[in-house]
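All remarks here apply to the structure that follows.
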């Protein structure tokens, strides 16, 4: 015989209970979203960049144990995009109304990074085994932070094997 539960049981609770493991860390989504926004501010992004769809949607791509070290928001041949460097990987992210493009890049596959300044803005180029990502931005501080962070992370990951 089927009995109704004593307390309301939502579909979300069923998914959480079904996917729960001992090693997973569960965070409140609002806390995670606020942490991602704070780390983007610390990376030097402007308030205009923080209001863009890429920055708003980014909390869905960053894992709870991952931390943002640097970020660049600007114009690419595909439109407005964001390059985010975390302590584990680099993410090229382009969010449009009905689709998004995400490229995940390991530090072992980064060949180099360069920045060129001229006029009001800067151009950041990330050279990888897969493709070259070039972004034009008006935020020189975030561009310089991004280049410095990528260079340090590539040097730290120089001896780690590719898995």
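Throughout, read-outs are computed from the coordinates displayed, never taken from laboratory work. This structure is a prediction, so every number in the text was calculated from the model and none was measured. Heads up, the Cβs are rebuilt from the backbone with ideal geometry, glycines too, and the neighbour counts pull from every protein chain shown.
For the reader, a short list of remarks on this structure follows.
- Calculated FRET value between residue 106 and residue 76, using beta carbons and R₀ = 22 Å, to 0.05: 0.60
- Each peptide among 43-56, 97-110 gets the average number of other Cβ atoms lying within 10 Å of its residues, and from highest to lowest they stand as 43-56, 97-110.
- Each pair of Cα atoms in region 32-81 enters the Kirkwood radius, and Stokes-Einstein at 10 °C and 1.306 mPa s then converts it into a translational diffusion coefficient of 142 µm²/s.
- For region 27-156, alpha-carbon Rg and Dmax in angstrom: 13.6, 43
- Relative contact order, whole percent, for region 27-156 stands at 21, derived from Cα pairs under 8 Å and 6 or more residues apart.
- Residues residue 59 and residue 136, FRET efficiency given R0 of 25 Å [Cβ-Cβ distance, rounded to 0.05]: 0.50
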